[in-house]
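What follows is a single structure, written as C-alpha cells, with notes after it.
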Amino acid sequence: MALISTPEERFDAVTDYDYPTDSVTVTDDGAEMAYVDVAGDQRGSGHADETFLCLHGEPTWGFLYRTMIPRLRDRGRVVVPDFIGFGRSDKYTDPDTYDFELHYRTLRAFVEALDLDSVTLVCQDWGSILGLPFAVSDQPERFDRIVAMNALLTDGETALPDIWHDFKNMVVAAEELDAARVIDGACVSDLSEEAKAGYDAPFPDEESKAGAYAWPPMVPQNPDMPGADRHAQLRDDLETWEKPFFALFSDSDPITNQYRDRFRDLVPTASEEPDVWVEGAGHFLQEEAGEACADHIVEFVDRR
C-alpha cells in the first residue's frame, strides 16, 4: 500500500488558510492525519469554553472552513482535520485501499489522540457520514452538541437522489478528476480562481486523488454495504438523542435536502432549533455562505 504526501510547496499559493498545521499518526502503517487547531490567539490551547470539530467531505479538505474559522475561534477552539487521502494528510495511491472502516478508525484515532471533549461537531457530506455515528453512537460522552450541515443518513433504507448517482458515475468513469470543477459545479455561484487553486492544491496528479475517487461509490447505498449498519444504529440512537442538534442545510442542494426534515423529525432536540435554510448556497454551503453558517452556529451554542 503506497503512501504519499502532497509536497508542501503545493500549498504555498493557498490564500486565507495560513494557520499552523500539525499531524498525528492514525494507522498502523504510519499514515498521518493533518489538522489545523486554533483557539483565540493561541493555537491548540485547549482551554476555550467550546471546541468545534469541523469535518469536510468529498473532494474537499479543511480549506473549506476557512471563512468560518475566524467567527468560530472567537467563541472557542477550532479543530479542522483533513481526512486521509485529502488536504495535507497522507494519501494511499490505490483507491482499493480505502474503505468505510479505514476512515472511521482514523477519525476515532484522531479524536482520541487529541483527547477532544466538550465538542460541538460541525459536519457536512462525508464529514457527516463518518462524524455522526462516531459522535452519537460511539463516543457521545465527548460531544455536547451537533451541527449537521447538508448531512446524510445513509442506512441504506432511503434512496439517494438520481443527481447523486450521476455524480458517483461521473467520478467512477473519470480519467482525470478535477476537484475544483466538481466543487464549482455543486455551487450556486462561481468559485473564484483563488478558491479553485485552493481546492486543487492537495492533488498534484491522479495518483494523489485515489481517496477522492474512492469516496463516492463507498457511500452506503443499501443495507448490506459497509457503514450502513453504523447508520442504522445511528438512526436508532438519534431517536433518543437528548443533546442539542441543529440541522443547518442550504436551500439549493438537491443531494442532501431530503435529509433536513428527516433529521428534524427524527431527533427530539432538532425541532427545538430555528427552522432555517441557509439561502443562496448549494452543496458546499461552507464555501458559499461560510460567515452566515458560522453566525448560525455561534448563536446555536449561545442558546444551548
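The values are calculated or read from the model by the stated rules, or taken from the named source; none is laboratory data. Values in this document were obtained by computation on a predicted structure and should not be read as measured data. We place every Cβ from the backbone using ideal geometry, glycine too, and count neighbours over all the protein chains shown.
Annotations
- Pairs are defined by a Cβ separation below 7 Å, a sequence spacing of at least 6 or placement on different chains, a first member in the stretch 289-304 that is under 12 Å from Val122 (Cα atoms) and touching a residue at least 12 places away in the same chain (Cβ under 8 Å), and a second member that is in a helix (DSSP H, G or I) and among the polar types (S, T, N, Q); the pairs so defined are Cys293/Gln286.
- Only residues that are closer than 21 Å to Leu130 by Cα and either assigned to a loop (DSSP other than H, G, I, E, B) or hydroxyl-bearing (Ser, Thr, Tyr) (or both) were counted across the stretch 230-267, and they come to 13.
- Flag if Thr158 is polar (S, T, N, Q), in a loop (DSSP other than H, G, I, E, B) and free of Cβ contacts under 8 Å to residues at least 60 places away in the same chain: no
- Scope the stretch 155-202; condition under 25 Å from Ala289 (Cβ atoms) and acidic (Asp, Glu); matching residues: Asp166, Asp178, Asp184, Asp190, Glu193, Glu194, Asp200
- The single condition among (1) touching a residue at least 24 places away in the same chain (Cβ under 8 Å); (2) out of contact with any Asp or Glu (no Cβ under 6 Å at 6 or more places or on another chain) that Asp115 does not meet is (1).
- Odd one out for Met149 among (1) in contact (Cβ under 8 Å) with a residue 40 or more places away in the chain; (2) under 19 Å from the mean Cα position of the chain (by Cα); (3) more than 22 Å from Ala34 (Cβ to Cβ): (3)
- The set of residues in the stretch 172-189 that are modelled with pLDDT of 95 or more and of a type in the set (Val, Ile, Thr) comprises Val182, Ile183, Val188.
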